[in-house]
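Visitor: I'd like to ask you about the structure that follows.
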Amino acid sequence: MKQLTIIIAFIVLWGCQEATETTNPFEDFNTNMEMADRAYNLFEAGDIENMASMWSEDMFWSPANTNDSLSKDQWKQAMKGWHAEFENFKFSDRQYYPGVDEEFIPNGSVRVYGTWSSTHKATGKNTETKYYAVIEYNEDNLGKGTMEWFDLGGVYDQVQEEEE
């Protein structure tokens, strides 16, 4: 009987220890959500270099206008290109939600919704577009990939329509 009591006590203690070692599935999401928010703030400010430091060197980027998977250098050039043509960037109505794996368990990725607005430098015309992205992170909480969806052509249509 004494041995049975010791075995049961061991199982209970071992079970409790394992439960305290498990991490909150939303912990990575909360950290990565803050990283995403900071990255968008840096983009608004035009600080592409500091924004880029928040991404791994082997990141992939799937921009809104293609199904391609592009490199970090291509991503940086595109971000600089936006700032070359537009100014007064504002990302409003930001909403962040956890991404999930195949079993619908939070996996640390961040789904982002919001509205981008800016001013076209050459014409002074204002633009606005709804935006959605999924950002994946590595174990160091650096962005390892981003997939974006928004109406790229619609942004330029707003500038052209108002020019005519």
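Visitor: Quick one: what pairs do we get from region 51-76, first residue at negative phi and among the polar types (S, T, N, Q), second surrounded by 13 or more Cβ atoms within 10 Å (Cβ to Cβ) and assigned to a strand (DSSP E or B), C-beta under 6 Å, 6+ apart or different chains?
Guide: 56/144; 62/147; 69/60; 69/62
Visitor: Shifting gears a bit: Can you tell me which of 154, 114, 124 is surrounded by 15 or more Cβ atoms within 10 Å (Cβ to Cβ) and over 14 Å from residue 82 (Cα atoms)?
Guide: After applying the criteria, what remains is 114.
Visitor: Name the single residue, out of those in region 130-144 being of a type outside the set (D, E, K, R) and surrounded by fewer than 18 Cβ atoms within 10 Å (Cβ to Cβ), that is farthest from residue 56 (Cα to Cα).
Guide: 132
Visitor: Now a separate question. Picking from 59, 79, 54, which residue would you name as being under 18 Å from the mean Cα position of the chain (by Cα) and within 22 Å of residue 154 (Cα to Cα)?
Guide: Sole residue among the options that is under 18 Å from the mean Cα position of the chain (by Cα) and within 22 Å of residue 154 (Cα to Cα): 79.
The numbers here are math on the coordinates, done by the rules we state, and not lab data. Every value quoted in this text rests on a predicted model; they were computed, and no experiment measured them. Note: ideal-geometry Cβ built from the backbone for every residue, glycine included; neighbour counts use all protein chains shown.
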